[in-house]
1. Take each uninterrupted DSSP H stretch in the chain, measure its Cα extent along the helix axis, and return the ones at 24 Å or beyond whose mean Kyte-Doolittle hydropathy is at least -0.5.
2. Whenever you get a sec, line up 202, 138 from highest to lowest accessible area (probe 1.4 Å, protein heavy atoms).
3. Once you have all Cα-Cα distances for the chain, histogram them in 10 Å bins from zero and send the whole-percent values.
4. Dipole of the chain (Lys/Arg Cβ +1, Asp/Glu Cβ -1, origin at the Cα centre): which of 541, 104, 603 lies farthest to the positive side?
5. In nm², what is the average projected area of the convex hull enclosing the Cα atoms of the stretch 387-464?
6. Counting other Cβ atoms within 10 Å, which trypsin sites (Lys or Arg not before Pro) in the stretch 17-109 have at most 10 and lie in a DSSP loop?
7. Among 718, 680, 693, whose Cα lies farthest out toward the positive end of the dipole of the stretch 674-745, if unit charges sit on the beta carbon of Lys, Arg (+1) and Asp, Glu (-1)?
8. Could you work out the local net charge near residue 636, counting Lys and Arg as +1, Asp and Glu as -1, over the other residues with Cβ closer than 9 Å to its Cβ?
Amino acid sequence: MPRPVAAAVALPVPVDKLFDYRVPPEQDDAARPGCRVLVPFGSRRHTGVIVERRRAPEGARLRPIGRILDAEPVVSPALLRILGDLAAEVFCPIGIALCSALPAGSAPRPALRWRLTPRGHTAVESGALRGPLRAVAERLARGPAAVDALRRADPAYADHLQILARDRLAEKVEVEAGRSGPAVQRIAAIAAGVEAEAAASELERRAPGQARLLRLLAESGPLPAAEALSRTGGSDSSLRALVRRGLLEIRQEERRRDVLGTPLEPPAPPLELTAAQRDALEPVAEAVRTRRFEGFLLHGVTGSGKTEIYLRAVAEALRCGRQALVLVPEITLTHQILARLRGRFGDGLAVLHSGLRPSERFQQWTRLGRGATPLAVGARSALFAPLDDLGIIVIDEEHDGAYKNEEGLRYHARDLALRRAREAGCPVLLGSATPAVETRYAAERGELTLLSLPQRIGGRPLPAVQIVDLEQERAAARRGRKLILTAPLRRALKGTLEQGGQSLLLLNRRGFSTKVFCFDCGHAERCQHCDVALVFHVTEGRMRCHYCDFETAPPEVCSGCGAPDSALLGIGTQRVEEEVRSAFPEARVARLDRDVAARRGATEGILRDLREGRVDVVVGTQMVAKGHDFPGVRLVGVVLADLGLHLPDFRAAERTFQLLTQVAGRAGRGGAPGRVVIQTFTPKHYAVASVRGHDYESFYREELGHREALAYPPFGSLVHALVSGPDEAATRAAAETVAEAGTRAGGDAVEVAGPAPAPLARLRDRFRFQVLARGSERAALRRAGRSMADAASELTAPLRARVDPNPINML
């Protein structure tokens, strides 16, 4: 007798193995790899993904699959292979990796709900219930309801539920909850063969509300039930009565949500390509046409027309009947690229990013899965979209750190895109004015094909850059005066306003001030749960921690010594905004930072005002530096270029140069020449000085020399481990265990440093220690990393650890 078939299921649990479940004969055809299943796991049920089918182990008593949730696989065989390999390389359990690939909330979970019994439905329809009982019962008549929904309907819901349950009108049942699905709405329509006016006349006296409903639907045609009831003042009971009489019919219909919004800019016809653009596009288009995998790095200065290359490459893929995926690093950048894509290809595209509601995200994902659109745009997680015939993957601003996922499956979008493209047989186009050092080095080694756009479109010059030495300015300023806008920056702002131009001011810090500081004892007000200073936010009048969100009122006296003379030190975006308003009261000033962007629609509104000339000065964090194209911006001012330059991270200089170059590139993209004023305490640092001439090559060569001397990427590889816990001594001991595991496995080929306190040594009441393994022999470093990950997985609560074989954030 053949052994029974087993499904090897990946579950979202921190155990790196597949779990075997028996496939009953009646589920044999449906239990396919890539389908989700609901299975028993311990005393609970979990949703997992079938990875493969195999013969059950000899003599094993396997528990059967509970239920198969998908009629068709939701993870393709290709993506299963890719994620399996990637999960192993980044030391992530396969179940957690697959969970990352599916829309949040799309998997069901058991939950308790209240519903009406058949007897309860009869009571509602007959009108036997009155008062609060009727309100709760009518809510249940629309379907099983959670306690929270019932509480909104009736604060005294508990007592009324007990009465309904006692009279066997309602009951508690287990249902599948938490599963996002397409938003649906009820559509009301006149039933076939019904003479609406005659029926309405018959109901006029005894049921005037029902008569109004009939006449409205006869006149307007099918309508959403909620709209029909709102326009006639009717109730759900009127609707149900008409359905019972056979006069109306109700159907469920998917409600399309508008996730695109109003375009930031009107559609524009394709521009004629420059010779450099034609040279850059042709090899990419050829790879699309021949279904050939190849990685391209498009290195083009700001304003050189990289976006037009993206659009032409996407058009070529669509012309060949294939699909296209365009990635941007942050949600704020999707608004602008969306406008360009919609102007060229219409509204039939899908959008995927974390700013969408779960139901919106699921709807977009489903549209792609069923082939409703061949084009998707989104942030890094869009790489998991169900696109099985990719013709091109575009990654804009490929250097951006936001492309690295720091939780769960710690993948980099650039790496995952190359894997997907190789599997699909299509090119990847990486674009940036400031490519990551590792990416540019890969192009030099022939691992990527380098394409170049060295000049701006139309021969427009790059903006002139003035570097202002803050030490000199501070020496010349009046004693005690806080230097936020130096004289050169004030003059530049004044001139730009007088000429009718717009300005961007960058400060890579939100809030009003960095800290509240005592001049008597030097004490800075700090978070009670993290080893960081609190930031004062003037609009709320509160101090807030930007890590754990703890907030408190500013003290009237120093909490260190009791002195009344605390001061606000440092500056934040709100403080800069106030300074601009004070210096230029006639200017229309807006602020764009994380606090503002957290309000849905706020970012689009500010960007639209900037494009349409309704704002003169925008003060912002690095959100204003990335990829935006506003022809009216003539001046860019960097309030303090040194922020981030001295962080304990080997990429600090690279990030500073990239940020300054990117924000400088926002100036002078229209007809008028641009200007950039950079305020800094380190004017001679190569990360700052290279920006004066927009000189990527000079910066790259010097940075490469520093990296090579210290065997940092791209000349060596790193594994970073971070151990945290509430007890400092226990956490350090656990980190030492992780470090020893790496040392034993790596041998002489791997250097293991630490443990040492992390730069943020305490966060959310947890002490943090880090271990760094470094080496140029990949195999040895991988052994060390695997051993460190195994040691980390054996730590027990409350200790936690993470091991990252490709660290981007070293804090």
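The values are calculated or read from the model by the stated rules, or taken from the named source; none is laboratory data. As the structure is a prediction and not an experimental result, all values here were calculated from the model. Glycine gets a Cβ as well: all are built from the backbone with ideal geometry, and neighbour counts include every protein chain shown. These accessible areas exclude ligands, DNA and RNA; they are computed on the full protein's heavy atoms, side chains included. Shrake-Rupley method; radii C 1.70, N 1.55, O 1.52, S 1.80 Å.
1. Correct list, ordered by number: 728-746.
2. 202, 138
3. 2, 10, 17, 22, 20, 15, 9, 4, 1, 0
4. Of the candidates, 104 comes out farthest on the positive side.
5. If you wrap the Cα atoms of the stretch 387-464 in a convex hull and average its projections, you get 7.3 nm².
6. Those that pass, being in a loop and sparsely packed, are 61.
7. Ranked along the dipole, the leading option is 693.
8. It works out to a net charge of +3.
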